[in-house]
Amino acid sequence: MSFNTFGRTFRFSTWGESHGPAIGAVVDGCPPGLAISEGDIQPFLDKRRPGTSKFTTQRQEPDQVRILSGVFEGKTTGTPISLMIENVDQRSKDYSEVAKAYRPGHADYAYDAKYGFRDYRGGGRSSARETASRVAAGAVARLVIPDVDIFAYVSEIGGDGIDYARFDASLIDENPFFCPDPEAAKRWESLVDSARKDGSSLGAVVECIATGAPAGWGAPLYAKLDSELAAAMMSINAVKGVEIGDGFAAARLRGEQNADPMRPGNDGKPVFLANHAGGIAGGISTGQPIKVRIAFKPTSSILIPVDTVTREGEAADIITKGRHDPCVGIRGVPVVEAMMALVLADQMMLHRAQCG
């Protein structure tokens, strides 16, 4: 049994491999009558697309999306929406050594142990190439929740974090790191380039904020908004940690410090004086900004020799040739945004189903 579908009411399934002819997604449960075109999806794929700077993989993929079903006369029909993205720049020959030995830190051994067989060309399904399908599906999800604004940014690379006193959201899309701090962006140029030239890689932290979601989304106990977000973010390739709101920092606070005090508002709804909970209480949105922080590990495919074993169990070392991101977390930004949108669209529809 395998699981390639996420969501409960608004669902999507991804398909395809890194070096196959194409990848894609099927979005099911989308409401009918929403205006949509390939032009609504493409900008998000362009944001994630490889080869846009020297700080990402140099694989040249246009990532042009095609809508194959579920849309008629420019509107969703309510039937499954099939999205396809062709792979045009594979170099499977780069993975000849990977066919013989496992890459430590990658999914090579785990896939082989589970299935007794693996697609070693770029990692197959375990490749971050799969995330393009999520971004395409996420673009559809955004149409379901048009009043919700979602944006993500890199807050840390290689242990070097931004200064929140210099936070400027208008700068996020103005540099190759999706960084809101201009000084940090300058530092990261040399930091990431140095790792790239060394044949190594760096980890990163991505933060995502969604505003405009009303109070009430989330389905306790086992489809809580925060648990669904955690599952969604942890399913992204190379993610090793997720925090909601203050996350682990909350464990170092006293109760009165961690509380989100409330005062009466003019519209009868409370005004929150803090947001340590990240906009979620009891698994339900509070109407405050929803905040998630995601940790990406360093890219496992590196040019520095690492001890490993062959498929026959013999000792070896391996370097991974090919074109790889020196910091996979950078292109993780649009993927995180997509998963946020997909979860919120699903939770909105779950809420409507129960509460009208």
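Structure values in brief
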{"quantity": "13 Å beta-carbon shell around Arg166, net charge (K/R +1, D/E -1)", "calculated": "-2"}
{"quantity": "Nearest-0.05 FRET efficiency for Asn266 and Ala169, computed from C-beta distance (R0 30 Å)", "calculated": "0.65"}
{"quantity": "Straight-distance crosslink candidates among lysines, where the alpha carbon sits under 27 Å from Lys224 and sequence neighbours closer than 8 are dropped", "calculated": "Lys240, Lys269, Lys291, Lys297"}
{"quantity": "Mean accessible surface per residue for the chain, computed with a 1.4 Å probe while every protein chain stays in place, in Å²", "calculated": "47 Å²"}
{"quantity": "Cut-off under 5 Å, modelled amide H: who pairs with Gly241 long-range", "calculated": "Ala295"}
{"quantity": "Sulfur and carbon atoms: percent of accessible area, the stretch 85-177 [1.4 Å]", "calculated": "49 percent"}
{"quantity": "Neighbour net charge for Ala141 - beta-carbon separation under 14 angstrom, K R +1, D E -1", "calculated": "-3"}
{"quantity": "Normalised contact order of the chain, rounded percent, pairs of Cα under 8 Å and 6 or more residues apart", "calculated": "23 percent"}
{"quantity": "Additional length obtainable on full extension of the chain from Lys186 to Phe3, 0.36 nm per residue less Cα span", "calculated": "61.8 nm"}
{"quantity": "Stretch in the chain that is longest and holds no chymotrypsin sites (Phe, Trp or Tyr not before Pro) that DSSP places in a loop and that have at most 16 other beta carbons within 10 Å", "calculated": "223-356"}
{"quantity": "Cut-off 15 Å between beta-carbons: net charge of the residues surrounding Glu183, Lys and Arg +1, Asp and Glu -1", "calculated": "-4"}
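The values are calculated or read from the model by the stated rules, or taken from the named source; none is laboratory data. No experiment lies behind these values; they were computed from the predicted model shown. Neighbour counts are summed over all protein chains in view; Cβ atoms, including those assigned to glycine, are modelled from backbone coordinates with ideal geometry. Just the protein is used for accessible areas: all its heavy atoms, side chains included, with ligands, DNA and RNA removed. Shrake-Rupley method; radii C 1.70, N 1.55, O 1.52, S 1.80 Å.
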